[in-house]
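The values are calculated or read from the model by the stated rules, or taken from the named source; none is laboratory data. Note that the coordinates shown come from a computational prediction; the quantities given were computed from them, not determined experimentally. Cβ sites come from the backbone with ideal geometry, for glycine too, and all protein chains shown count toward neighbours. In case anyone asks, the SASA skips ligands and DNA or RNA and just uses the protein heavy atoms, side chains included. Shrake-Rupley method; radii C 1.70, N 1.55, O 1.52, S 1.80 Å.
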Amino acid sequence: MTDAPALPPLREVIRAHGLRAEKALGQNFLLDEQLLDRIAAVPGELAGRTAYEVGPGPGGLTRALLRRGATVVAVERDRRCLPALAEVAQAFDGRLTVIDADALRVDERALAGDGAHVVANLPYNVGTALFVRWLGGETWPPWWASLTLMFQAEVAERLVAGPGSEAYGRLSVLAQWRAKPRLALRVHRSAFVPPPKVMSAVVHLEPAAAPDGVRTGVLEALTGAAFGQRRKMLRQSLKAVPGALDAADRLGLDVTRRGETLSVDEFVALAREVGAAALCPSGERREF
Ligand code: SAM
């Protein structure tokens, strides 16, 4: 940890800069420094590394990342926060760069560079959209070294859920087929100002090796079909994906099972088989 320069407490910063939390921007601020330090510790060693933070707000998590020695690139769309963040940048000798933009519209790889650790406490809809973008690309390994993201607890549980559970779904497969997600810490709603209606949790993911011969588009089509009709047997739900029933047959998958009982490895095997058949020169090439 680097020595923290003297900055006013976050409550004072919020008061001084008139940062009344805006519901439309999903603003629920974290002010407890011990909790913020625990979140900033989740990615592991950050000294000399780049952290890419989305939605720094008044800068609580930003300060915690800087205290751990990271260089921080932060994207914030609420211009009211910029003067407070400029004070943080000055206090930490320019180790903080703030981009005034909508995080859904920036090229984060160009901003943060390869190997950045992504850390964010975001509104639910923005966090999920970015998560799908960061996990869903065809290019792997990704530009980021790890993701440490706050979600509402129910979504966090979906990301780490296993087959057969109610929480298991498309997001679980997306998160687990080539990454290792873990629920790093639960955060009580009362830790936020103002408190949201639901509990939250921080999920940490590191990229793992991608299984050979699997295209994201095929896997997404399969999970879309399987979980879109959760109550249906595979022999019904897989009809939506060209070649999937034949592929299941070749793999010896029991098509009287429901999609939600398939493990991530079984989805991966099925996607590989469907993809291989789609590229087969004897058949027509199918696009996903
Ligand atoms: N990181 C701060 C904290 O932990 O106290 C603020 C968290 S608050 C839940 C979410 C922050 O994300 C707000 O500052 C909000 O303005 C910002 N935000 C919301 N949507 C955004 C977007 N599309 N791009 C960038 N920032 C966004």
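Do we have residue 158 as within 15 Å of the ligand (Cβ to nearest atom), within 30 Å of residue 231 (Cβ to Cβ) and among the basic types (Lys, Arg) here? No. Please go through the range 88-116 and pick out each residue that is in contact (Cβ under 8 Å) with a residue 24 or more places away in the chain and either away from the ligand (no atom under 15 Å from the Cβ) or in contact with a Cys (Cβ under 7 Å, 6 or more places away or on another chain) (or both). Once the filter is applied, which keeps residues that are in contact (Cβ under 8 Å) with a residue 24 or more places away in the chain and either away from the ligand (no atom under 15 Å from the Cβ) or in contact with a Cys (Cβ under 7 Å, 6 or more places away or on another chain) (or both), the range 88-116 yields 91, 92, 95, 109, 113, 114, 115, 116.
Of all the numbered requirements in (1) at pLDDT 95 or above; (2) among the hydrophobic types (A, V, I, L, M, F, W, C); (3) within 14 Å of the chain's Cα centre (by Cα), residue 122 misses one, and that requirement is (1).
The residues on offer are 132, 126, 72, and the sole one that is open to solvent by less than 10 Å² (accessible area, probe 1.4 Å) and assigned by TED's automatic domain parsing to the domain that holds residue 33 is 72. Of the residues making up the range 16-61, those that are assigned to a helix (DSSP H, G or I) and aliphatic (A, V, I, L, M) are 16, 24, 25, 35, 36, 39, 40, 41, 61.
Pairs meeting the criteria (first residue in the range 13-42 and at negative phi, second residue of a type in the set (Ser, Thr, Tyr) and more than 8 Å from the ligand (Cβ to nearest atom), beta carbons under 8 Å, at least 6 apart or on different chains) are 39/148; 42/148. Going by the structure shown, is residue 122 aliphatic (A, V, I, L, M) and touching a helix residue (DSSP H, G or I) at 6+ places or on another chain (Cβ under 6 Å)? No. Does residue 63 fit the bill of being among the charged types (D, E, K, R) and within 12 Å of the ligand (Cβ to nearest atom)? Spelling it out, residue 63 is indeed among the charged types (D, E, K, R) and within 12 Å of the ligand (Cβ to nearest atom).
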